[in-house]
Every structure is written in C-alpha cells, then in structure tokens.
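The values are calculated or read from the model by the stated rules, or taken from the named source; none is laboratory data. What you see is a predicted model; the values in this text were computed from it and never measured. We place every Cβ from the backbone using ideal geometry, glycine too, and count neighbours over all the protein chains shown. The area values use the complete protein model at the heavy-atom level, side chains included, leaving out ligands, DNA and RNA. Shrake-Rupley method; radii C 1.70, N 1.55, O 1.52, S 1.80 Å.
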Amino acid sequence: LPLFVCPGEGVRNPIDAMPGHFQLSVDELVEECRSVADLGIPGVILFGIPPEKDLVGSGGYDPEGIVPRALRAIKDSKVELLLIADVCLCEYTDHGHCGVVKDGREVDNDPTVQLLAREAVVYADAGADLVAPSDMMDGRVGVIRQELDRHDHQDVAVMAYAAKYASGFYGPFREAAGSTPEFGDRRGYQMDPANVREAMREIELDIEEG
C-alpha cells in the first residue's frame, strides 16, 4: 500500500486525486500502519513530503528527514509490515524532477545516481526492508546495491522500477507527493510507452546490476 508521510502532528490531508488516501504525519502514519497490518496487507511503500525543498533534493537523504523518521517510528511500534522506501528526488527538489538539474533544464545522470545511493543507505539505516528506486537514472541499481553492501545492508533488497514510462497516468501520484515538474517533462529519463524492446532491455540491465 502506498503511504504519503508529511510534517506535523495529527495531520491527515486528503488527496483529491486519490479519494480515501491522505498525506499523513508520522503519528497518523503509525496508526494507519496498524490498521493496514490488521487487514492482512503485508507491506507499505513510503513516499515523503518534506517541510522544505531545494535544488538537489537534500530532504531525501537527510537522516532526520521525514521518511527515516517514519521508518523508525513504524519499527518502534512493532507493527509487522514489510517496509519499502521509495528512492527518488522528485518529492524533494524544488523543480520537481527526479535528479540534479544541469544547465537549468536537463537532469544530470551520474551525480543523481550518487545521491540516490546515499538516500537508499539512509533509508536502510532507518529500517527499510526494501528500497525502491523510481527515478529511471542509468546504472543506479548497481551503485545502490554496492553502497548498501558497503554499509552492511546486504539483506536490504532493491525493488527497481525497471520499466517506467513517461505517462500522464502518474498525475494522481504527482499530486499526492507534490512532485509535478516545474518545467518540461520526464521523457529525457523515463521511457517511450511504445518501445517494448527498450523495456525488456532495461529490465535485464537492472537484474544484472543486482
């Protein structure tokens, strides 16, 4: 189940594009997780809405950021759920793109991958069982796997968004996470829906990278 965690206390902000879903503060998120577990749902994936955004998405890899705080709170509550953390920068950048922007317009792949790996380690440190890179940068699965292993998180799995299309169907999510791009679109790093062969190649590359 996707859950969206935001700053504050006692906060349940309705998401208009997702009726019945809310942006939840950490305390409300923990209670939601209790209900989720009681329903027999085995896991949740967390998306963060930070109090502030910046050019490089630093809220995404802050050890005291909103998602690490939520992960620790759920673990402390002893709720039995598989905890998955979305790994991306789009929720945390003031421009809404999934990585570091160069020349004011394009996402720079390699510096972004380093920040994504840093983000994954922070989430693993906080208690994530899986990390889920959704950014579609080239080579990020391999770098994330190496960094997790280097920080003694060999048991934390990588659940990659291996074939993610540039699509208007992500509109409700972008509203929920506040991640609509301020300029352009994501066709520079997400995929053409008509290109099935590319999708299969991307999946194979992610498997090879770990």
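Here Arg186 qualifies as open to solvent by less than 50 Å² (accessible area, probe 1.4 Å), over 26 Å from Gly43 (Cα atoms) and at pLDDT below 85. Looking for something under 20 Å from Arg140 (Cα atoms) and at pLDDT 95 or above - is there at least one such residue anywhere in region 71-80? No; the residues of region 71-80 include none that is under 20 Å from Arg140 (Cα atoms) and at pLDDT 95 or above. Is it the case, given these coordinates, that Val87 is touching a residue at least 40 places away in the same chain (Cβ under 8 Å) and open to solvent by 10 Å² or more (accessible area, probe 1.4 Å)? Answer is no for this residue. Considering Tyr165, Tyr123, the condition of being at negative phi, surrounded by 14 or more Cβ atoms within 10 Å (Cβ to Cβ), modelled with pLDDT of 90 or more and in contact with a strand residue (DSSP E or B) (Cβ under 8 Å, 6 or more places away or on another chain) is satisfied by Tyr123 alone. For beta carbons closer than 6 Å, sequence separation of 6+ or different chains, a first residue in region 4-21 that is in contact (Cβ under 8 Å) with a residue 40 or more places away in the chain and on the phi < 0 side of the Ramachandran plot and a second that is assigned to a loop (DSSP other than H, G, I, E, B) and surrounded by fewer than 16 Cβ atoms within 10 Å (Cβ to Cβ), the qualifying pairs are Pro7/Pro51. Where residues in region 127-139 are modelled with pLDDT of 95 or more and open to solvent by 10 Å² or more (accessible area, probe 1.4 Å), which of them is farthest from Gln154 (Cα to Cα)? Filtering first and then ranking leaves Gly127. Out of Arg145, Arg197, one residue alone is at pLDDT 90 or above, open to solvent by 40 Å² or more (accessible area, probe 1.4 Å), of a type in the set (D, E, K, R) and part of a helix (DSSP H, G or I). It is Arg197.
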